[in-house]
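K.L.:
The following block contains the structure, expressed as structure tokens.
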Amino acid sequence: MELQKHLAYVSKGLTAQELARLTNMDRGTVHRLLKAMIYWRQVEAENGVYRLGAGCLLPASAYLTRLPLRRVALPYTIDLQHVISDRPAIVSVALPVGDRIVLIERMWTATTPFNVVADLDDTFAIDGCTSGRAILATYTEEQIRQTVGDERYAQVALKLKEITENDDYSFGESEQRQGLSSIGYPIRHAQNAAVGALVIAGLEMEDVLQVSSPLAQHLQRACKGISEQLFG
């Protein structure tokens, strides 16, 4: 699981030596584990570089298929796609996984440039993206420290305070790509920690990066609608 986690963080792959250093495991042990993972297609190898294999898709696909959040959020993301139809933007459903955010659903408009869609990653550090911070801001301080550690908490604490003061809205500008702005809002039950978030990211969106904008209000209503269906 440690090897799989580190391989999931990099698209270019890692060598056995790099994996041994990252996991503090003996390189011989790493080689034996990688051999088994290759057999089960969890890992693919090329010229001494290891990457995740197609076998990882089977459990991931099974999990997403039965995930209530994804099923309930889907019609709301479609509705938001219609709302932003005149903007080059993407609507995504974000799921927290430890100290990472995974985008489990993405929809974009016809005006969104292909390179924006193709180049945008599906995973981010939870404290380094709009949707992740929207989720983190719903955690207790202890939960945040357990998730990202004391050093990262100190760096993001001020932004999380701003999100709380902004009625749970999280805003970002040019974080993942120059010129790409984003709005995130958490999906949560009452005052419990968020189980996910919706995020709208796009170009030429500076005019809507405020709590009072119609788009921000629509995003909030969508998240509250998802919460009502999930939790009653």
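The values are calculated or read from the model by the stated rules, or taken from the named source; none is laboratory data. Owing to the predicted nature of the structure, the values given are computational and were not obtained by experimental measurement. So basically every Cβ, Gly included, is an ideal-geometry build from the backbone, and we count neighbours across all protein chains shown. Heavy atoms of the whole protein, side chains included, go into the accessibility calculation; ligands, DNA and RNA do not. Shrake-Rupley method; radii C 1.70, N 1.55, O 1.52, S 1.80 Å.
K.L.:
Report, ordered by the first and then the second residue, all pairs with beta carbons closer than 8 Å, sequence separation of six or more or different chains, a first member in the range 211-232 that is closer than 22 Å to Asn192 by Cβ, and a second member that is open to solvent by less than 40 Å² (accessible area, probe 1.4 Å) and among the acidic types (Asp, Glu).
P.N.:
Note: pairs meeting the criteria are Gln220/Asp168.
K.L.:
For residues that are of a type outside the set (S, T, N, Q) and at pLDDT 90 or above, scanning just the range 174-189, find the one that is most open to solvent (accessible area, probe 1.4 Å).
P.N.:
Taking the range 174-189 as the starting set, the residues that turn out to be of a type outside the set (S, T, N, Q) are 175, 177, 179-180, 183-189.
When the remaining residues are screened for being at pLDDT 90 or above, the result is 183-189.
Details: Ile183: 1, Gly184: 0, Tyr185: 8, Pro186: 4, Ile187: 0, Arg188: 38, His189: 77 Å².
Here the residue is His189.
K.L.:
How about the range 27-112: which strands (runs of 3 or more DSSP E) wholly inside it have at least 1 residues that are open to solvent by 50 Å² or more (accessible area, probe 1.4 Å) and under 30 Å from Ala216 (Cβ atoms)?
P.N.:
Filter on the range 27-112 gives 89-97, 100-108.
K.L.:
Suppose we keep only residues that are modelled with pLDDT of 95 or more and of a type in the set (D, E, K, R) within the range 190-228. Which one would you say is nearest to Thr111 (Cα to Cα)?
P.N.:
Out of the qualifying residues, it is Arg221.
K.L.:
If I filter the range 134-151 for residues that are touching a Leu at 6+ places or on another chain (Cβ under 9 Å) and in a loop (DSSP other than H, G, I, E, B), do I get at least one hit?
P.N.:
yes
K.L.:
Would you point out which residue out of Val195, Val211 is farther than 15 Å from Thr130 by Cβ and either hydrophobic (A, V, I, L, M, F, W, C) or within 16 Å of the chain's Cα centre (by Cα) (or both)? Even if it seems obvious, please write down each step before you answer.
P.N.:
On the way: Val211 fails: farther than 15 Å from Thr130 by Cβ.
Sole residue among the options that is farther than 15 Å from Thr130 by Cβ and either hydrophobic (A, V, I, L, M, F, W, C) or within 16 Å of the chain's Cα centre (by Cα) (or both): Val195.
K.L.:
Filter the range 209-228 down to the residues that are of a type outside the set (Gly, Ala, Ser) and crowded, with 21+ Cβ neighbours inside 10 Å, then identify the one that is farthest from Asn115 (Cα to Cα).
P.N.:
Quick first cut of the range 209-228, residues of a type outside the set (Gly, Ala, Ser) only: 209-211, 214-215, 217-221, 223-224, 226, 228.
Retained after the next criterion (residues that are crowded, with 21+ Cβ neighbours inside 10 Å): 219, 223, 226.
On the way: Leu219: 25, Cys223: 28, Ile226: 30 Å.
The residue in question is Ile226.
K.L.:
Exactly one condition in (1) open to solvent by 30 Å² or more (accessible area, probe 1.4 Å); (2) without any contact (Cβ under 8 Å) to a residue 60 or more places away in the chain; (3) not hydrophobic (A, V, I, L, M, F, W, C); (4) not in a helix (DSSP H, G or I) is false for Glu162; which is it?
P.N.:
Of the numbered conditions (1) open to solvent by 30 Å² or more (accessible area, probe 1.4 Å); (2) without any contact (Cβ under 8 Å) to a residue 60 or more places away in the chain; (3) not hydrophobic (A, V, I, L, M, F, W, C); (4) not in a helix (DSSP H, G or I), the odd one out for Glu162 is (4).
K.L.:
For the range 141-159, what are the residues that are open to solvent by 70 Å² or more (accessible area, probe 1.4 Å) and either of a type in the set (Gly, Ala, Ser) or touching a residue at least 40 places away in the same chain (Cβ under 8 Å) (or both)? Show your work before the answer.
P.N.:
Within the range 141-159, the subset open to solvent by 70 Å² or more (accessible area, probe 1.4 Å) is 141-143, 145-146, 150-151, 154-155, 158-159.
Selection gives Gln143, Ala154.
K.L.:
Moving on to the next point. Hey, among Asp127, Asp167, Asp150, Asp86, which residue is within 15 Å of the chain's Cα centre (by Cα) and among the charged types (D, E, K, R)? Don't jump to the end; show me each part of the working.
P.N.:
Working: Asp167 fails: within 15 Å of the chain's Cα centre (by Cα); Asp150 fails: within 15 Å of the chain's Cα centre (by Cα); Asp86 fails: within 15 Å of the chain's Cα centre (by Cα).
After applying the criteria, what remains is Asp127.
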